[in-house]
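To start, the structure under review is shown below, and the notes come after it.
The values are calculated or read from the model by the stated rules, or taken from the named source; none is laboratory data. Keep in mind it's a predicted model, so treat the numbers as computed, not measured. Every residue, glycine as well, gets a Cβ built from its backbone with ideal geometry; the counts of neighbours run over all protein chains shown. Ligands, DNA and RNA are stripped out before the accessible areas are found, and what is left, the full protein with its side chains, is counted by its heavy atoms. Shrake-Rupley method; radii C 1.70, N 1.55, O 1.52, S 1.80 Å.
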Amino acid sequence: MAGAIYSEEQRAVADAFVKARQSAKMRQIDLAAKIGKHQSYISDIERGQRRIDVLELFAIAHALGINPTDLYAQLTKNISANFRL
């Protein structure tokens, strides 16, 4: 099902999220603390169990020391232009 939380696209976003966090040399618990969330929040994103909205993306990018548009580009680079919800 296109757009489903367990879709191939969601997995691609989750995998890119992990890479971005690891590139910033941060542990899940450190990133979570920087944005005022519990470690399980970051774990849920990385396992594809939770989607992030624009404001969450903004806060996470800043916590990682990444420009939000650069993080967005990283997270979506493996999503087809034909993707539909």
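Can you tell me which residue in the range 16-30 is farthest from ASP44 (Cα to Cα), limited to those that are of a type in the set (A, V, I, L, M, F, W, C) and without any contact (Cβ under 8 Å) to a residue 40 or more places away in the chain? I'd like the intermediate steps shown before the answer.
Step one: of the range 16-30, the residues of a type in the set (A, V, I, L, M, F, W, C) are 16-18, 20, 24, 26, 29.
Next, from what is left, pick out any that are without any contact (Cβ under 8 Å) to a residue 40 or more places away in the chain: 18, 26, 29.
Working: VAL18: 11, MET26: 16, ILE29: 12 Å.
Looking at the filtered set, the residue picked out is MET26.
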How about the range 35-55: which of its residues are open to solvent by 40 Å² or more (accessible area, probe 1.4 Å), over 14 Å from GLN10 (Cα atoms) and not hydrophobic (A, V, I, L, M, F, W, C)?
GLY36, LYS37, HIS38, GLN39, SER40
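Name the residue, out of ARG84, ARG11, that is out of contact with any Lys or Arg (no Cβ under 9 Å at 6 or more places or on another chain) and either loosely packed, with under 13 Cβ neighbours inside 10 Å or on the phi > 0 side of the Ramachandran plot (or both). I'd like the intermediate steps shown before the answer.
Working: ARG11 fails: either loosely packed, with under 13 Cβ neighbours inside 10 Å or on the phi > 0 side of the Ramachandran plot (or both).
Testing whether each residue is out of contact with any Lys or Arg (no Cβ under 9 Å at 6 or more places or on another chain) and either loosely packed, with under 13 Cβ neighbours inside 10 Å or on the phi > 0 side of the Ramachandran plot (or both) leaves just ARG84.
Just need a number here: residues in the range 70-81 that are touching a residue at least 60 places away in the same chain (Cβ under 8 Å), open to solvent by 40 Å² or more (accessible area, probe 1.4 Å) and under 12 Å from the mean Cα position of the chain (by Cα).
Initial filter on the range 70-81 (touching a residue at least 60 places away in the same chain (Cβ under 8 Å)): 75-80.
Imposing the further condition that a residue be open to solvent by 40 Å² or more (accessible area, probe 1.4 Å) reduces the set to 76-80.
Narrowing further to those that are under 12 Å from the mean Cα position of the chain (by Cα): 76.
Number of matching residues: 1.
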Per-region count, the range 31-69, residues part of a helix (DSSP H, G or I), within 12 Å of the chain's Cα centre (by Cα) and among the charged types (D, E, K, R)
3
